[in-house]
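Notes follow once the structure below has been shown.
FYI, it's all coordinate maths here, none of it is from the lab. The model shown is predicted, which means the values in this text are computed figures rather than measured ones. Note that we place each Cβ from the backbone using ideal geometry, even for glycine, and neighbour counts take in every protein chain shown.
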Amino acid sequence: MSMTELILRAARELGIESKVHVLEDHQPNPPVSVIEGTHVVQSRMDVRWLMDSGLGHVKTILSDMHRRANNN
């Protein structure tokens, strides 16, 4: 599975897949955006976090990004 697929799988499990966008720039830490309305929160996803089969850290980061996008 690609990094993008793993990130989107975590987003799908959180119910926010349509709000998450991954720019696959072939770097070890792909940039990720969470868009809520007109608000965007961006971060890079550390490739090490994708090694966890449950994607726990990725889900935490995405959830936090979504919360921040909602609060802006």
Legend entry - Among His39, His26, His57: highest mean-square fluctuation, GNM of the chain, C-alpha pairs under 10 Å: His26
Inset, instruction - List Thr4, Thr38 from most exposed to least, where exposure is judged by having the fewest other Cβ atoms within 10 Å. - result: Thr38, Thr4
Legend entry - Virtual paramagnetic centre 7 Å along Cα→Cβ of Ser33, amide N under 18 Å, in region 1-26: 4-5, 7-8, 11, 16-26
Legend entry - Rg(Cα)/(2.2 N^0.38 Å) for region 21-72, N = residue count: 1.14
Legend entry - At R0 = 30 Å, FRET efficiency that the Cβ-Cβ distance of Glu13 and Asn72 yields, to 0.05: 0.80
Inset, instruction - Just grab the label-to-label distance for His26 and Ser43, each label 7 Å out from Cα along the Cβ direction, in nm (one decimal). - result: 2.7 nm
